[in-house]
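Worksheet: the structure to be examined is printed underneath.
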Amino acid sequence: MNELELVKKAYEAAKTQYAALGIDTDRALDKMKDIVISVHCWQTDDVGGFETPDSSLGGGGIQVTGNYPGKARSIAEMRADLDKVFELLPGKQRLNLHAIYGEFGGQKVDRDQIEVKHFEGWIEWAQKYQTGLDFNATCFSHPLADDGFTLSSKNEKVRKFWVDHVKACRKIAAEFGKRLGTPSVHNLWIPDGSKDNPIDRAGHRAILKKSLDEIFSVEYPKEHLKDAMECKLFGIGSEAMVVGSHEFYLGYTISNNKLLCLDNGHFHPTEQVGDKISAVLQFLDEILLHVTRGVRWDSDHIVSLNDEVLQIAQEIVRNNYQSRVNIGLDFFDGSVNRVGAYLVGTRATQQAFLQALLEPTAMLKELEEKDRNFERLAWLETMKSRPFGAVWDYYCLLNQVPTGGDFIKEVVRYEEEVLLKR
């Protein structure tokens, strides 16, 4: 019996087991088409970007560790790596860009001057895959971010520069949405904050609100652009106060009908983003997720199939929030094969959603309503040993990508033939 036949046979056995619990595995696999993940471009090059070599980069709260060989050194190498990633992922995904990944032709183009013409190559790339592009203003790694404040800066020249940068980014993102026929999510994250306890927290937050009001004074059609803002508890150099806190952006997004971005690495380690989803969606039409894995702090480790990610997926699936939650990834690890990092992290996220789709939710809700909580817990534990892997392998087979761990040898081959020659 060949591998193809083995996968099909295992799936049929799994299908029977799940059917006994009232779960239609074929339907679950069909619903996976609704789980579209925005794959972040910055894992390819450790969040370096490709601005001109003579543009001195400053600080701003981003730190990538590791020096594994094979880092992308150009847009061409980045696209080659992303091609390999998309080739080995099941389903159709999106790409998430940062502003520092434009093609500037060796010219110095400061960030308040970027235009859609600098991203024409990415539009063509997305058209090849018949998918969408998401976008991010890059408010870090720049001399005007060195003191830790951008949109909330009390220096008017600095503040105005970053306002103009974000305005330019929203215009580019709206063009992505218009040209590609799917709304582009523009996410705004700023590193603004204080290393030690500040006196004037309110002053900086009032300035940030002023800046946001100026930025959003220009409106774009919702079918072209979705605006999101990413909150954070603390960051490198902003341990005592982050201007754009969860409370700040929650208030702003509700008041202005924007998307709140919840990154599961941006909260206290004992907080669960899965618990926040149904809370904020009582007041917001949509949200954006950044799925990551924090280890001890907001360390942006490669996503793994852990309880936290599974809870996020379960909360979305149990409440049919798929159309209201935009799913993105945000991790960067320079200590391992970067293409492999993408595949492990993206597949783990997809697996969490497939597991959630294979849950007997109706039965579990009925047990909960009847206060039969032992049975609820027992079934949740029982589901962990159901043959999920057979269903996942069949999903990969349907999408004509490697099953099981076969993608590993493909990554190793790519490393030997391409990455190690850089």
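Of note:
- Global geometry of segment 262-318, whether rounded, prolate or oblate, following the gyration tensor of its Cα atoms and the 1.5 cut on a/c: prolate
- Net charge of Cβ neighbours under 12 Å - reference Phe374; Lys, Arg +1; Asp, Glu -1: -1
- Pairwise FRET efficiency - Ala202 versus Asp26, Cβ, R0 = 56 Å, nearest 0.05: 0.50
- Bins of 20 Å from zero: percent of alpha-carbon pairs in segment 35-358: 34, 62, 4
- Built amide H within the under 5 Å cut-off of Met241, gap 5+: Ser194
- The chain, dipole about Cα centre (Lys/Arg Cβ +1, Asp/Glu Cβ -1), debye to the nearest 20: 400
- Cross-link pairs exceeding 18 Å in C-alpha to C-alpha distance, out of Lys276/Lys370; Lys167/Lys258; Lys31/Lys365, comprise Lys276/Lys370; Lys31/Lys365.
- Under the Karplus curve 6.51 cos²θ - 1.76 cosθ + 1.60, θ = phi - 60°, whole-Hz ³J(HN,Hα) for segment 34-43, x wherever Gly or Pro sits: 7, 9, 9, 10, 8, 7, 7, 6, 7, 5
- Lys, Arg +1 and Asp, Glu -1 on Cβ, resulting dipole of segment 133-192 about Cα centre, debye, nearest 20: 300
- Amide H contacts of Leu225 (H built 1.01 Å from N, under 5 Å, at least 5 apart or other chain): Ser184
- Centre separation in Å (Cα based) which lies between segment 384-422 and segment 190-244: 39
- Only one residue of Val218, Asn2, Met383 has its Cα farthest out toward the positive end of the dipole of the chain, where Lys and Arg carry +1 and Asp and Glu -1 on Cβ, and that residue is Val218.
- Among Val295, Val39, Val166, sorting on how many other beta-carbon atoms sit within 10 Å of each Cβ, with the fewest leading, yields Val295, Val39, Val166.
- Positive dipole terminus of the chain, leading residue within Pro198, Leu29, Val412 (C-beta point charges): Leu29
- Cα-centre dipole for segment 232-375 with unit charges at Cβ (Lys and Arg positive, Asp and Glu negative), debye to 20: 340
- Helix runs (DSSP H) in the chain reaching 18 Å along axis by Cα, Kyte-Doolittle at least -1.0: 3-19, 75-88, 156-180, 201-215, 338-357
The numbers here are math on the coordinates, done by the rules we state, and not lab data. Note that the structure is a prediction, hence the values are computed from the model and not measured. Every residue, glycine as well, gets a Cβ built from its backbone with ideal geometry; the counts of neighbours run over all protein chains shown.
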